[in-house]
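These notes are about the structure you will find just below.
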Amino acid sequence: LVRFPEDLEDDNTTFNPEYSHQVFGDDEIAFGYKGLKILLYYIAGNLSTLFRIEYTSKVNEKFDCVEADDVESKIREIIPPGFCTNTDDFVSLLEKEVNFKPFGMLLHTYSVHNEEAGEDITYQIYKADMTCPGFREYHERLQTFLMWFIETASFIDVDDERWNYFLVFEKYNKDGATLFATVGYMTVYNYYVYPDKTRPRVSQMLILPPFQGEGHGAQLLETVHRYYMSSPTVLDITAEDPSENYVKLRDFVLVKLCQDLLCFSPGKLMQGFSQEMVTEAQQKLKINKQHTRRVYEILRLRATDMGDAEQSRSYRLDIKRRLIGPYKKKQRELAKMRRCLRPEELTNQLNQIDLNMQHEQLEESFQQLVSDYRRVLERVAQA
């Protein structure tokens with residue numbers, strides 16, 4: 001991500017993809033080159049792109065009887081037309097970066113202390129849509145990062161007006177002027193719920209690697225929640241196929257939002273999960289029942305003295321009653337099998353449902369949950 005011409009030669013500003021299977025196949029190999037480097041440079045704000053390929057040697061079909069992979073075509077499939085292949089052209093575009101401004105409506109401004117710079121850096125979150133001049137082309141460049149950093153990424157249909165786009169930018173100074181650098185973004189799809197509601201579903205969320213670990217994901221998710229909370233037509237907010245990291249982030253944000261609700265007071269938490277919690281969390285914060293249950297379990301852990309045998313036992317049983325759901329389903333299926341399977345078929349099924357193994361798995365799941373919940377509570381305590 002380039003802010004100054006010297007960044008082009010600075011290896012410290014380089015970051016590598018986490019995934020490349022969507023471009024180069026499951027083996028993540030580009031065949032036929034020695035010393036291959038695929039170089040992509042993006043101007044920090046508007047993401048204008050420079051694309052170069054370097055290598056020391058390449059197999060030759062005439063002499064080696066094999067053909068090298070067409071790396072350039074593979075990259076061209078994901079980056080939009082109009083990119084630079086010449087460094088001078090790219091640097092001339094960099095000089096115009098002072099004219100770049102964030103798209104859409106400003107929702108939230110916050111600052112993060114940067115130890116290296118020894119100062120607070122300001123960030124802003126905007127909501128944009130395809131009617132913003134220049135945003136469609138900018139989004140085409142932005143979404144190319146998904147292919148390298150989200151395992152099952154795909155490009156969305158931007159002509160569908162039910163998409164909302166939330167963008168994070170850093171404000172920085174260059175030669176006395178204020179400029180903006182792209183930090184990350186989230187796409188949200190607004191599903192219709194009969195008769196007159198919508199259910200926003202988070203589709204993709206990415207904080208670019210140079211900015212990860214600084215709390216921007218939590219700021220973005222909380223801002224998006226607060227944006228939808230103010231709408232009377234929104235039922236609740238969900239996520240599409242969330243990753244493990246996203247679930248941890250959501251746990252933190254939702255616990256932070258819910259902890260001050262009356263229904264989550266320590267006294268009420270110790271009485272167990274209630275419909276009051278479901279109703280209040282949905283009406284005030286647009287949180288669905290499943291996520292509310294998880295918030296309850298995390299906050300109840302905070303209210304529970306795990307050194308007290310009775311409190312600890314009560315908490316463990318409460319969580320395990322929920323976790324045992326899939327196992328009970330298996331038991332019901334087994335009861336049906338007893339009535340309709342031949343003895344040898346039944347024996348085969350029984351071998352797959354080992355009760356001791358189920359108890360071990362249940363205990364393992366419980367311990368893992370408690371470990372995850374403790375990490376969330378530690379982060380909330382530091383927030």
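The values are calculated or read from the model by the stated rules, or taken from the named source; none is laboratory data. If you're wondering where the values come from, they're calculated on a predicted model, not measured in any experiment. Methodologically, a virtual Cβ is constructed for each residue, glycine included, from the backbone with ideal geometry; neighbour enumeration extends over all protein chains shown. Quick note on the areas: whole protein, heavy atoms, side chains included, nothing else; ligands and nucleic acids left out. Shrake-Rupley method; radii C 1.70, N 1.55, O 1.52, S 1.80 Å.
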Determine if region 108-118 includes at least one residue that is open to solvent by less than 100 Å² (accessible area, probe 1.4 Å), under 17 Å from Leu179 (Cα atoms) and among the polar types (S, T, N, Q). yes
Taking region 1-17 and keeping only residues that are more than 23 Å from the chain's Cα centre (by Cα) and polar (S, T, N, Q), one is left with Asn12
Of all residues in region 175-200, how many are in contact with a Ser or Thr (Cβ under 8 Å, 6 or more places away or on another chain) and of a type in the set (Phe, Trp, Tyr)? 3
Output for region 132-155, where each listed residue is open to solvent by 20 Å² or more (accessible area, probe 1.4 Å), part of a loop (DSSP other than H, G, I, E, B) and over 30 Å from Ala383 (Cα atoms): Cys132, Pro133, Gly134, Thr152, Ser154, Phe155
Those residues that are free of Cβ contacts under 8 Å to residues at least 60 places away in the same chain and open to solvent by 10 Å² or more (accessible area, probe 1.4 Å), I need them from region 158-174; list them, please. Val158, Asp159, Asp160, Glu161, Arg162, Trp163, Asn164, Glu170, Lys171, Asn173
Could you tell me whether any residue of region 68-75 is free of Cβ contacts under 8 Å to residues at least 24 places away in the same chain and over 31 Å from the mean Cα position of the chain (by Cα)? yes
In region 261-273, which residues are at negative phi and either open to solvent by less than 10 Å² (accessible area, probe 1.4 Å) or not aromatic (Phe, Trp, Tyr) (or both)? Leu261, Leu262, Cys263, Phe264, Ser265, Pro266, Gly267, Lys268, Leu269, Met270, Gln271
If you check Leu206 against the conditions, is it within 18 Å of Phe252 (Cα to Cα) and not basic (Lys, Arg)? yes
Yes/no for Arg226 being under 24 Å from Lys127 (Cβ atoms), modelled with pLDDT of 95 or more and open to solvent by 60 Å² or more (accessible area, probe 1.4 Å): yes
Against the definition (within 21 Å of Thr187 (Cα to Cα) and open to solvent by 40 Å² or more (accessible area, probe 1.4 Å)), how does Asp129 come out, yes or no? yes
Just to be sure I understand, how many residues within region 129-178 are closer than 30 Å to Glu119 by Cα and touching a helix residue (DSSP H, G or I) at 6+ places or on another chain (Cβ under 6 Å)? 3
Hey, among the residues in region 244-260 that are without any contact (Cβ under 8 Å) to a residue 24 or more places away in the chain and within 24 Å of Arg201 (Cα to Cα), which one's most open to solvent (accessible area, probe 1.4 Å)? Glu244
Out of region 274-314, which residues are outside any helix (DSSP H, G or I) and either surrounded by fewer than 18 Cβ atoms within 10 Å (Cβ to Cβ) or among the hydroxyl-bearing types (Ser, Thr, Tyr) (or both)? Ser274, Asn288, Thr304, Asp305, Met306, Gly307, Asp308
Mind checking whether some residue in region 184-207 is within 14 Å of the chain's Cα centre (by Cα) and open to solvent by 60 Å² or more (accessible area, probe 1.4 Å)? yes
Quick check on region 167-174. Is at least one of its residues assigned to a strand (DSSP E or B), outside the structural domain of Glu18 (by the TED database), within 21 Å of Pro242 (Cβ to Cβ) and touching a Ser or Thr at 6+ places or on another chain (Cβ under 9 Å)? yes
